[in-house]
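Participant: Supplied in structure tokens, the structure appears directly below.
The values are calculated or read from the model by the stated rules, or taken from the named source; none is laboratory data. Everything numeric here is computed off the predicted structure, so don't read it as measured data. Cβ atoms come from the backbone with ideal geometry, glycine included; neighbour counts cover every protein chain shown.
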Amino acid sequence: MVTVTASGEGQITNVFINKQLFDADDNKMLEDLVMAATNDALKKAKEATAYEFQSASGGLDFSEISKMFGGKFG
């Protein structure tokens, strides 16, 4: 099992790799698991940030304004 945690700013804050994976002969599997866990963590962080922004804004639609800032606000 590989678990990656990311902040709302898109920074990786923690990586956990089960020791049993280090004994595997196939490094490609470990690499794929790390990549998948990282992408999942970044997706969850982005979703959490969008949810917090929507909650703080009272549900207002900032999609057009967000596009001006590279889509960082939902």
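Participant: Scan the range 55-63 and tell me whether some residue there is at negative phi, modelled with pLDDT under 70 and assigned to a helix (DSSP H, G or I).
Facilitator: Scanning the range 55-63 turns up at least one residue that is at negative phi, modelled with pLDDT under 70 and assigned to a helix (DSSP H, G or I).
Participant: Within the range 64-74, restricting attention to residues that are assigned to a helix (DSSP H, G or I) and of a type in the set (D, E, K, R), which residue is modelled with the lowest pLDDT?
Facilitator: For the range 64-74, the residue satisfying everything is Glu64.
Participant: Being in a helix (DSSP H, G or I) and among the polar types (S, T, N, Q) is the filter here; which residues of the range 2-46 pass it?
Facilitator: Gln20, Asn27, Thr38, Asn39 - these are the residues of the range 2-46 that are in a helix (DSSP H, G or I) and among the polar types (S, T, N, Q).
Participant: For the range 3-25, give me the residue count where each residue is modelled with pLDDT under 80 and in contact with a Phe, Trp or Tyr (Cβ under 9 Å, 6 or more places away or on another chain).
Facilitator: The number of residues fulfilling the criteria is 0.
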